[in-house]
Each structure stands twice: as structure tokens, then as C-alpha cells.
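The values are calculated or read from the model by the stated rules, or taken from the named source; none is laboratory data. Here the structure is a predicted model, which means the values were calculated and not measured. FYI the Cβ positions are ideal-geometry reconstructions off the backbone, even for glycines, and counts take in every protein chain you see.
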Amino acid sequence: DGQPIDPPRIRSMHTTMQLLGRLAIIVGGILVALLNVTMMNGVAELPEAEKSLAYLSVYQIGLLIPLSSILGVLSASLLQRKAIRDLIKSGHTKNAALSMTRVQSERPSVNWWILGGGLAFALLSISVGLADTPGAQEIVFVISTAIILFLMSKLMKELDPKARQVLIGTAVIIFAYRAVPTTGAGTSWWMIDVLEFDQSFIAKLSLIASFLALFGMIIFRKFMAEKSIAYVIGALAVVGTLLMIPDIAMFYGVHYWTAQVTDGVVDQRFIAVIDTAMESPLGQIAMVPMLAWIAHSAPQNLKATFFAVMASFSNLALSAAQLGTKYLNQMYTVAREVKDRETGLITTAANYDELGSLFITVACISISLPLAAIALVKFLKLKSA
């Protein structure tokens, strides 16, 4: 109706907007999972060459995904035009209606530090990648970190001291949570080779995870909107670590005992389904308050720039997680059996002996790193959103 919106409602609206964005991603995941369940049915019995063709078909269909982004831009334009017409009908002038529907009240001036930093980051990443430099991943990560922290320091000058403290505290907690390494591809290999999960069952697990993530986002909306990011991240770190216990237990053969006790009901597949059902909403729940905070905290005249830099910082944590995963997989040897296609001879023997230790190490990091970050923020008397 053209009236100002109070801050608590704005925060709630930001949360709802990010929730809808994540829901759209989850729905896309459900569609992909349904496609995989259909196309991967019976793939396990096919020769290797035909398996590759099945995967290729999925990737070819994935080329249609950019069309949805184009449709989204067109839909947003139509909705904005409708909002302008509605405001004019309610008595506002055309200029007032245009002003109220603009994302920015005034066009910001070009910030050459931000623009130059972004350009340097892109050129550096491309040049190091094309040069095939040893340690390229580490080089890009270190220099990217320096550039993004520099850009963040420039943006922080636009914030008042209190908002600056909240930004630093929140950024530390988010980085620590998203920088937690994973077990890597070895878990999937182990599930297929040892637990005997075929491609069709893994696709079904993905479908279950997507559906339950969808419902979990809706159920926990109030939790995400009302609790601080420190509280949300702390809770997710504890729950996520507890949900790693079934994988650790199955590695040490607990599923054989449960199957024997329950007459085959609670076997490895049953445990995997329950574990997936409980774990699936966690990653999405962590993303919503983080993205809502970024959108809510951005200065009015720098919303797009602020969001881009903070999102880059968040993605930088994922790069740290990938590096951590790589180092852990160098510490713990996990190998899948590889056969020569022509002779059928084994060229690499399967080795999952150290996967259990890898599971336990990742579980310890998963709970200790985020909680240590939260404790550090409290100790330094910083705040989180």
C-alpha cells in the first residue's frame, strides 16, 4: 500500500524470501531425483559403456536448466509491472509508484575498489587454472581470501560500528560451519561396493532427502526467523554430528547385528533411509538465516554489491572445506577397485580400511569447529545476527 514497513517485519520478509528461494532449489532437486529414479532404473545390470550413456543423457537434459532462470527474470518483470499498476490505481502517482518498486532509491556510484578487486579475482583464478600450476587450488584460495577480505573491509566502512561487529561475528560463525570438510567420494564408493547400494537406490535416497528437506524448511521456518545465527549453527553442528553416527556404526558392521535381531527389517538400507530422512533438512536450514541476514544487513545503496561479496565469502568457506577434504583423503587412504576395461584385470585394489577413522575425524571436526567459532565470537564480545 506504499506505507513504510517496520524492521521486524522486514526481517521476517527477508527470511520468507530466502525460504522461497531454497524451496525452489529443493523442488528442482526433487525433479532431478525423479528423473534419476526413472533413468537409473536397471542401470546396475548394464555394461559399463551403457552406464556411461545413461549418465550422459541426464547431463544433456540438465542443459535445459538455464531456461528456468530466463523465465524467472521475465516473471519478475511482469510482477513488477503489475505492482506499479496496482499502486497507481490506489492513488499514487506514476513516479511515486516507480520509486516504491525500485530495488535502490538512487543509483550508486561506481566503486572502483570493488570492481577492480572482482576483476583481479576473476583473472587470477582463470590464469592459475589454465597454467596448471602445482598447488593451484591452494594459491587461488589464499589470494581469493585476501581479495574478498579486502572487499569486505571496504564495505564495512559503509556500516555503523554496531552493524560492523554483527557482520564480523556472523561471518566467523558462518565460515567455520561451511568450512567443515566431508569424507569425500569414498563414502559413495563404500555404499555402492560394500553396502551394495545400486544407482537406483541412491537416486531414491536423493528423492527422499529432497522431499523431507522441503517439509523441514516449512516446519522450521519460525525457528530460522526467530533464533540467532549462532544458536542455529550450534544446534545444526550438534545434530549433524549425531547423524554421522549411523555411517560410523555401519562401517563397523552394526547393520549385520540389527538385521539379525529384527529378522532382516533393520538392514543397511533401512538405516540409510532413516539417516537420510533426519539429515536432509539440515543444510538448507543453515542457508536460509545466513542469506536472510546478508540481504537484511546490506546498506540500501549497496545491496547487490554487499550480497555478492558476502555470498563470495560464504562460498570461500566451501573452498576451504574442499581443501580440508582433500587433505583428509591424503591422510586416510580410501580406494575403489578399478579394472582394466580390455583385460578385466584389477589395476587398483579396493581399500576401505581407513574409512572408519576418516568418518570419526570428520565427525569430530564437524562439532568442534563451529562450536569453537561460536565460543570465539562470545569471547571477543562480538555479536551474530
* Of these, VAL338, VAL334, which one is out of contact with any helix residue (DSSP H, G or I) (no Cβ under 8 Å at 6 or more places or on another chain) and of a type in the set (A, V, I, L, M, F, W, C)? -> VAL338
* **Selected residue (criterion: nearest to PRO246 (Cα to Cα)) from residues of segment 316-372 that are of a type in the set (D, E, K, R) and surrounded by 15 or more Cβ atoms within 10 Å (Cβ to Cβ)** => GLU354
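Per-residue answers, yes or no, for (1) closer than 30 Å to ALA230 by Cα; (2) in contact (Cβ under 8 Å) with a residue 24 or more places away in the chain; (3) of a type in the set (A, V, I, L, M); (4) not in a helix (DSSP H, G or I):
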site: GLY129; (1), (2), (3), (4): no, no, no, no
site: PRO134; (1), (2), (3), (4): no, no, no, yes
site: PHE141; (1), (2), (3), (4): yes, yes, no, no
site: ALA163; (1), (2), (3), (4): yes, yes, yes, no
site: VAL166; (1), (2), (3), (4): yes, yes, yes, no
site: ILE173; (1), (2), (3), (4): yes, yes, yes, no
site: ALA176; (1), (2), (3), (4): yes, yes, yes, no
site: THR183; (1), (2), (3), (4): yes, yes, no, yes
* ALA375 vs. criteria loosely packed, with under 13 Cβ neighbours inside 10 Å, without any contact (Cβ under 8 Å) to a residue 12 or more places away in the chain and of a type outside the set (Val, Ile, Thr) -> yes
* To do: Scan segment 63-86 and report the pairs whose first residue is closer than 10 Å to THR101 by Cβ and whose second residue is surrounded by 11 or more Cβ atoms within 10 Å (Cβ to Cβ) and at pLDDT below 85, with Cβ atoms within less than 6 Å and a gap of 6+ or a chain change.
  => GLN80/THR101; ALA83/THR101; ILE84/ALA97; ILE84/THR101
* To do: Determine if segment 87-96 includes at least one residue that is on the phi > 0 side of the Ramachandran plot, exposed (fewer than 13 other Cβ atoms within 10 Å of the Cβ) and not in a helix (DSSP H, G or I).
  => yes
* **Selected residue (only one of ILE84, ILE173, ILE126 is in the same structural domain as ILE25 (by TED's automatic domain parsing) and either closer than 30 Å to ALA375 by Cβ or of a type outside the set (Phe, Trp, Tyr) (or both))** => ILE173
* To do: Would you mind finding the one in PHE201, PHE197 that is part of a loop (DSSP other than H, G, I, E, B) and over 21 Å from the mean Cα position of the chain (by Cα)?
  => PHE197
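Let's see how each residue does on (1) under 16 Å from the mean Cα position of the chain (by Cα); (2) over 14 Å from ILE173 (Cβ atoms); (3) of a type in the set (Lys, Arg):
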site	(1), (2), (3)
LEU282	yes, yes, no
VAL309	no, yes, no
PHE313	yes, no, no
LYS326	no, yes, yes
LYS339	no, yes, yes
LEU345	no, yes, no
SER357	no, yes, no
ILE360	no, yes, no
LYS383	no, no, yes
* **Members of segment 35-48 that are in a helix (DSSP H, G or I), out of contact with any Lys or Arg (no Cβ under 9 Å at 6 or more places or on another chain) and loosely packed, with under 15 Cβ neighbours inside 10 Å** => THR38, GLU45
* Output the residue which, of all residues in segment 241-262 that are hydroxyl-bearing (Ser, Thr, Tyr) and assigned to a helix (DSSP H, G or I), is nearest to GLY184 (Cα to Cα). => THR241
* Asked: In segment 48-79, which residues are closer than 18 Å to ASP198 by Cα and either outside the structural domain of SER200 (by TED's automatic domain parsing) or among the basic types (Lys, Arg) (or both)?
  -> LYS51
* To do: Could you tell me which of the residues LEU205, LEU167, LEU151, LEU214 is surrounded by 14 or more Cβ atoms within 10 Å (Cβ to Cβ), out of contact with any Phe, Trp or Tyr (no Cβ under 7 Å at 6 or more places or on another chain) and under 30 Å from LEU46 (Cα atoms)?
  => LEU205
* Asked: Which residue, of ILE192, ILE233, ILE208, is under 30 Å from LYS383 (Cβ atoms) and not in a loop (DSSP other than H, G, I, E, B)?
  -> ILE233
* Asked: Of the residues in segment 37-59, how many are at pLDDT below 75 and under 22 Å from the mean Cα position of the chain (by Cα)?
  -> 0
* To do: Mind counting the residues in segment 332-360 that are without any contact (Cβ under 8 Å) to a residue 12 or more places away in the chain and either in a strand (DSSP E or B) or touching a Leu at 6+ places or on another chain (Cβ under 8 Å) (or both)?
  => 4
